[in-house]
Amino acid sequence: MRLPYSLSIIIPAYNEARRLPQTLRDVVTYLAEHAASFEVLVVDDGSTDGTVKLVQEASKRWPQIRLIQNDGNQGKGASVQHGMRLARGDFIVYMDADHSTNINELYKLPALLKHGGDVFVSSRYVYGSDIQQHQPWQRVVISRVSNMVIRVFAVPGIRDTQNGFKIVRGTAASKIAPHLLLKRWAFDVEFLYVARALGFRLVEFPVTWHNTTGSKLNVARDLRNTVGEFWTFIWNRLRSKYPGPAKPPQRAERV
């Protein structure tokens, strides 16, 4: 079935010359068959390997691919925000360069839209999800503990804020993006919190997920960043840096 919408796919990339070629091939092949129109925005975050050259060459083969470059290394959150400012699609999808959640999860979009949501959050931890290859146990522990804290203090009802595949209505993204302040790990938390505060509806859905090779896991660094950026988010809330609720926050719907 061909999706009757224009789609903007945002892929933040930092030193992804090894994993990105297959991801781009898979994404373009799928969308060429299943999307009415699409663009793929690869946002380079100051890579020092061959990522930029690779994307430039790919865009010659597939004109739907656009290279966007940050001014130096700013973080995944900054890269997604940069892509959102330039995206033109009815729906914006941001996904990881490692393709752990496959682009073919978009086949679920028509069914998701029946729930009337604005932001669709893919999840490894809800009923119906399928983790085909697990992460290292250290990463699993960090992920589980982080999501538990996030549910209590930031986004109640969402079991997996950090999975790197989300679908957002373009109209919603344009209203959410101006309020975002964080540039790295906690971007997803902030994005969902602001979306809900503005009255947008969140829908969490299960996906098939597999851990990819070439992980940049560093337990000490990731734990430090997780704690530090989350407390930056909390501090921003205490200083009223985010919009207040347009209406009482609704619990996320699950499908």
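Can you tell me which of 158-168, 232-242 comes out highest on packing, and rank the rest after it, using the mean Cβ neighbours within 10 Å? Working shown, then result.
On the way: 158-168: 22.7, 232-242: 13.4.
Per-residue mean Cβ counts within 10 Å order the peptides as 158-168, 232-242.
Grab the Cα-Cα distance for L238 and R2, subtract it from 0.36 nm times how many residues apart they are, and report the gain in nm with one decimal.
That pair, L238 and R2, stretches by 80.4 nm at full extension.
Could you work out the equivalent-ellipsoid semi-axes for segment 3-44, taking the square root of 5 times each eigenvalue of the Cα gyration tensor, largest first, in whole Å? Write out the running numbers ahead of the final one.
Values: eigenvalues 89, 27, 4 Å².
So the three semi-axes of segment 3-44 are 21, 12, 5 Å.
Quick note: the coordinates plus some simple rules give every number you see, no bench work behind them. No experiment lies behind these values; they were computed from the predicted model shown. Counting neighbours? That spans all protein chains shown, and the Cβs are built from the backbone with ideal geometry, glycine included.
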